[in-house]
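Below is one structure; the comments refer to it alone.
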Amino acid sequence: MGAQVLDGKAVARTVLDETAERVAALRYRGKETTLATVLVGDDPASAAYVRSKRRRAAEVGIRSVHHELAGDVSQDRVVDLLRRLNDDPSVDGILLQLPLPEGMDDQGTALEIHPSKDVDGLHPTNLGMIVLDRPVFAPCTPSGCLRILQHYGIPVRGANVVVVGRSFLVGRPLALLLAARGADATVTIAHSRTQDLPGVARRADILVVAVGRPEMVNAAYVREGAVVIDVGINRTAAGSLVGDVKYDEVAEVAAAITPVPGGVGPMTVAMLMHNTSVASELRER
Ligand code: NAP
């Protein structure tokens, strides 16, 4: 296995350390930083995600205030809570754990979070700021991918980047961030209707995969010496986690690759903490 392992856990540690410093500086100036977390229903995976986010928050000195609503509440109750948190001057950021229980509209509900407290960076205003090349809160997973590349000094400017997946959560905002002025990559977005996906993917200097299909991308998709970022998180029948990339096979041809777990996953939570510290700084002014 020749590829360099891009250690997302280590990069996340750097981001968390920086965030802890920013939060401590805010506290020194008399400003506490608070993240409100909202969990609707009792899905164990969602509950575990919220717990891990709250743990990270505590680690970096961010106070988290947790709100739990039963799975059978009306969407109006969730919206009411979000509006109260919007109006609460002690709250800097709001995390609404998605997906919401069946029958609720994830995107419509998340729209209720005020853009200045949208630390997940998924409100249309914040997504729009990326289109305008003036990001305030970039979505956490895409910005985590960029941060890994930056940390390891992998040149993005002028590189051919292929992003496989076009979700509003990952693929599309990541493609915009990579093509933005300053990042300056040449970006191709591929998806389920792309013809000859292996051929398109092989043109990439940097291949980012966010499709949600366990180990779909094998060595045939990867040019020798390419950098591979695997965003996928899939649970196997045996209970282990695998990415969207066939790691062992691709690591033979790639120059560098993110593992799953321990790649992009830890970055997502770290960038959420980063965004929360930025939200706190912006509210301080
Ligand atoms: P999503 O909303 O389901 O989007 C998947 C995208 O992949 C779609 O654009 C889809 O194309 C494309 N796709 C599906 N099958 C394909 C195929 N056979 N060939 C080419 N493209 C295909 O998923 P998502 O929310 O972006 O998440 C993607 C993966 O990332 C999942 O495994 C998820 O668990 C993981 N994830 C990880 C993190 C993290 O923290 N590491 C965060 C978020 C998501 P169409 O648009 O044509 O349907």
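None of the figures in this text is laboratory data; all of them are computed from the coordinates on show. The structure presented is a predicted model; accordingly, all values stated were derived computationally and were not measured. Note: ideal-geometry Cβ built from the backbone for every residue, glycine included; neighbour counts use all protein chains shown.
Give the residues of region 28-42 that are surrounded by 14 or more Cβ atoms within 10 Å (Cβ to Cβ) and either more than 20 Å from the chain's Cα centre (by Cα) or part of a helix (DSSP H, G or I) (or both), sorted by residue number.
Applying the first criterion (surrounded by 14 or more Cβ atoms within 10 Å (Cβ to Cβ)) to region 28-42 yields 31, 33-41.
Listed by number, the residues that qualify are Lys31, Thr33, Val40, Gly41.
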If we keep only residues of region 3-18 that are under 14 Å from the mean Cα position of the chain (by Cα) and aliphatic (A, V, I, L, M), then the residue nearest to Ile154 (Cα to Cα) is Val11
Please count how many residues of region 198-227 are surrounded by 19 or more Cβ atoms within 10 Å (Cβ to Cβ), of a type in the set (A, V, I, L, M, F, W, C) and within 14 Å of the ligand (Cβ to nearest atom).
8
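For region 251-264, give me each residue that is within 16 Å of the ligand (Cβ to nearest atom) and buried (at least 22 other Cβ atoms within 10 Å of the Cβ).
Answer for region 251-264, where residues must be within 16 Å of the ligand (Cβ to nearest atom) and buried (at least 22 other Cβ atoms within 10 Å of the Cβ): Ile257, Thr258, Val260, Gly263, Val264.
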